[in-house]
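This report refers to the structure that appears directly beneath it.
Derivation of every value follows stated rules applied to the coordinates shown; laboratory data play no part. These figures come from a predicted structure and were not determined experimentally. All Cβ positions, glycine included, derive from the backbone under ideal geometry; neighbour counts span all protein chains shown.
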Amino acid sequence: MKPLLEEIKRCYKGQERYYYIQTLNRQHNYSSFRSLIPILSLLLQIPFFIAAYQFLEHFDPLSGVSFLFISDLSIPDSFFGAINVLPLLMTFVNVLTAYFYTRNGNVAERKQMAAVAGVFLVLLYRFPSSLVLYWTMNNVFSFFII
């Protein structure tokens, strides 16, 4: 489909190009909304993430509780001093998942999912390690289930 699409873009302009592309998409049963399918799972998880954040943000029983290499689940992990390793691990899992979901797809979807992983790295870098651990394990489990 890609060579045909490139030829249409090279040969036609305006409305004519639009109609040819729509016909090509219809012939190959392609919908531009299919590129949004990987993001749908993310959109479904966001309300649960917000609820988990509100629950874990001030959850006193997590203060001082350690888990594996995390010394306190109520604060960012800071395993190597100033570097929080858990958000980096979460980003690695997200990028790896994005690669496997889009390995037969196009590069634009992969870039989009990698950008979303980068946004979550920035957003969650200073969050309590319990929340980042929740998000990481949620992504790991959904990767193996789907």
Positive-pole candidate from 114, 11, 44, dipole of the chain, charges at beta carbon: 11
Nearest 10, in degrees from 0 to 90: the angle of helix 107-124 to the longest Cα principal axis of the chain is 20
For the chain, set up a Gaussian network in which alpha carbons nearer than 10 Å are linked by springs, and say which option among 66, 74, 130 fluctuates the most. 66
Express in whole angstrom the spacing between the alpha-carbon centres of the range 93-146 and the range 44-72. 18
Among 75, 37, 21, whose mean-square fluctuation peaks in a Gaussian network model of the chain (Cα, cutoff 10 Å)? 21
Cβ-placed point charges (K, R +1; D, E -1), dipole of the chain about Cα centre in debye, nearest 20: 920
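Ignoring the sites themselves, what is the longest stretch of the chain with no trypsin sites (Lys or Arg not before Pro) in a DSSP loop and at most 12 other beta-carbon atoms within 10 Å?
Numbers: sites that count: 13, 103, 126.
Maximal segment without exposed cleavage sites: 14-102.
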FRET efficiency, 1/(1 + (r/R0)^6) with R0 22 Å, evaluated for residue 137 and residue 108 via beta carbons: 0.20
